[in-house]
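Asker: Below are the structure tokens for one structure; questions will follow.
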């Protein structure tokens, strides 16, 4: 922002008056100012490129927005939003995003943040076939270079194996303890309430009932 513009903005914020271009009269202004930047403003102040008084005037309430690469949970929602938007623009019907394509999106670091994701989805929609989900082949080479199909679903498989192991351990503990949930919970290092939740999750009620009937 040029120094003269900074000076004018500070004057408006301090006095509450603005003079329209070409007018000799000042008018009272009533607005809420929201600013955004990707630059380090304290550094810009020290370097003399940004007014210190303006910096303190606009930094009353600050919100730090992490880069998209640190917000993987937002990628799917944003991609779906842009998919809907650009499907209408290009007159196509694309029923969602293929799971592999979504994993490809999550594997990319997104140095250009949301703007880069927006452009990527628009490009993919433009080349995609109507009637089919958005697929990996529709994404650009730079995204596909960060994605290995052999690792697709690795996290999901890990969770499934972890749950299977947990179910087996709970089953064995209940068996050893004769279905006594209090003893089994102590053996597993869980609270009785926590064990009860896992018994419901893994549908081990029959194991408990059979042991209690003996």
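Asker: Against the definition (surrounded by 11 or more Cβ atoms within 10 Å (Cβ to Cβ), out of contact with any helix residue (DSSP H, G or I) (no Cβ under 8 Å at 6 or more places or on another chain) and without any contact (Cβ under 8 Å) to a residue 40 or more places away in the chain), how does residue 84 come out, yes or no?
Answerer: Taking the combined requirement at face value, the residue satisfies it.
Asker: Among the candidates 69, 57, which residue alone is touching a residue at least 12 places away in the same chain (Cβ under 8 Å), surrounded by 13 or more Cβ atoms within 10 Å (Cβ to Cβ) and within 19 Å of the chain's Cα centre (by Cα)?
Answerer: Result: 69 is the single residue among 69, 57 that is touching a residue at least 12 places away in the same chain (Cβ under 8 Å), surrounded by 13 or more Cβ atoms within 10 Å (Cβ to Cβ) and within 19 Å of the chain's Cα centre (by Cα).
Asker: What about residue 78, is it at pLDDT 90 or above, in contact with a helix residue (DSSP H, G or I) (Cβ under 7 Å, 6 or more places away or on another chain) and surrounded by 10 or more Cβ atoms within 10 Å (Cβ to Cβ)?
Answerer: yes
Asker: For the list (1) touching a strand residue (DSSP E or B) at 6+ places or on another chain (Cβ under 9 Å); (2) under 30 Å from residue 11 (Cα atoms), I need the number of the one condition that residue 59 fails.
Answerer: Failed condition: (1).
Asker: How many of the residues in the stretch 98-128 are at pLDDT 90 or above and over 17 Å from residue 145 (Cα atoms)?
Answerer: Looking only at that region, the number is 10.
The values are calculated or read from the model by the stated rules, or taken from the named source; none is laboratory data. What you see is a predicted model; the values in this text were computed from it and never measured. Cβ coordinates were reconstructed from backbone atoms using ideal geometry, including for glycine residues, and neighbour counts include every protein chain displayed.
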